[in-house]
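Below is one structure, written out as structure tokens; the observations come after it.
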Amino acid sequence: AQSVTQLDSHVSVSEGTPVLLRCNYSSSYSPSLFWYVQHPNKGLQLLLKYTSAATLVKGINGFEAEFKKSETSFHLTKPSAHMSDAAEYFCVVSDLRNAGNMLTFGGGTRLMVKP
Amino acid sequence: DAEITQSPRHKITETGRQVTLACHQTWNHNNMFWYRQDLGHGLRLIHYSYGVQDTNKGEVSDGYSVSRSNTEDLPLTLESAASSQTSVYFCASSERSSGRGEQFFGPGTRLTVL
């Protein structure tokens, strides 16, 4: 079975400071990993994805994530937070056994950005 | 541009009534999914479909049903709405794949059962 743990339910940063959202996964096979963002009262938008190519993945809006197999981690980072980054972020895993592309979601991390 | 739409965006209904939430995608994706989102639970899978005439139960399928008569649509029906089904519902779709592809999400339907 696969699972995802987002280590912080809430993260608060000041505008212009770095962002770190932590995610650990469990999967018996080579996983695909995703980060989605959800702004208030909106649907989920894909930020970035890892699918066994480069371990450092760059996404939209300056976000990136590094796949570390030895640590089973896929943390999301951004060098400098912007007010518009305030949202809920979901780490998601899918593995090779999922012929139908089913996803397992983490519980989410709410990012707050202070002026 | 291809998209995935949901209707209605907001719905208030009464306990015991049948409710149907619509999901329509123009991506021509084979796979479609329904999730519910509740505080403290993230997104949980209700039902999914890998193609026309195919439907499968997810993690929280009790009280819900789906049917897939064409590629574009996967309506979700609450047979007899209960207050515990008050939630935000998201539809998603993806290409048929070996598990590598991302899912594309609709804007959501906020359902309140009184």
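Some observations on this one:
- Residue A:53 vs. criteria farther than 22 Å from residue B:105 by Cα, within 14 Å of chain B (Cβ to nearest Cβ) and aliphatic (A, V, I, L, M): yes
- Among the residues of the range B:1-42, the one identified as under 30 Å from residue A:10 (Cα atoms), at pLDDT below 90 and hydrophobic (A, V, I, L, M, F, W, C) is B:39.
- Residue check, residue A:89 modelled with pLDDT of 95 or more and either among the hydrophobic types (A, V, I, L, M, F, W, C) or in contact with a strand residue (DSSP E or B) (Cβ under 7 Å, 6 or more places away or on another chain) (or both): yes
- Residue, modelled with the highest pLDDT, within the range B:94-109, restricted to residues that are more than 7 Å from every other protein chain (Cβ to nearest Cβ) and assigned to a strand (DSSP E or B): B:109
- Residue, nearest to residue B:103 (Cα to Cα), within the range B:34-59, restricted to residues that are buried (at least 16 other Cβ atoms within 10 Å of the Cβ) and touching a His at 6+ places or on another chain (Cβ under 9 Å): B:34
- Residue ID - modelled with the lowest pLDDT, chosen from residues in the range A:46-65 that are polar (S, T, N, Q) and surrounded by fewer than 15 Cβ atoms within 10 Å (Cβ to Cβ): A:52
- Checking the range B:9-18 against the condition returns a match, with at least one residue being loosely packed, with under 14 Cβ neighbours inside 10 Å, among the β-branched types (Val, Ile, Thr) and over 24 Å from residue A:41 (Cα atoms).
- Taking (1) touching a Lys or Arg at 6+ places or on another chain (Cβ under 8 Å); (2) surrounded by 17 or more Cβ atoms within 10 Å (Cβ to Cβ) in turn, residue B:106 satisfies each apart from (1).
- Residue within the range B:61-70 that is acidic (Asp, Glu) and either at the interface with chain A (Cβ under 8 Å from one of its Cβ atoms) or outside any loop (DSSP other than H, G, I, E, B) (or both) present: no
- Filtered residues of the range A:30-55 (kept if touching a residue at least 12 places away in the same chain (Cβ under 8 Å) and part of a loop (DSSP other than H, G, I, E, B)): A:30, A:39, A:40, A:51, A:52, A:55
- Being in a strand (DSSP E or B), within 14 Å of chain A (Cβ to nearest Cβ), among the aromatic types (Phe, Trp, Tyr) and touching a residue at least 40 places away in the same chain (Cβ under 8 Å) holds for only one residue in B:48, B:89, and it is B:89.
- The set of residues from the range A:11-29 being more than 17 Å from residue A:83 (Cβ to Cβ) and assigned to a strand (DSSP E or B) comprises A:20, A:23, A:24, A:25, A:26.
- Cβ-Cβ under 9 Å pairs, at least 6 apart or on other chains, the range A:65-78 side more than 16 Å from residue A:49 (Cβ to Cβ), far side hydrophobic (A, V, I, L, M, F, W, C) and not in a strand (DSSP E or B): A:78/A:63
The values are calculated or read from the model by the stated rules, or taken from the named source; none is laboratory data. Predicted model, so just to flag it, every value in this text is computed and none were measured. Ideal geometry is used to build each Cβ from the backbone, glycine not excepted, and the neighbour counts take in all protein chains shown.
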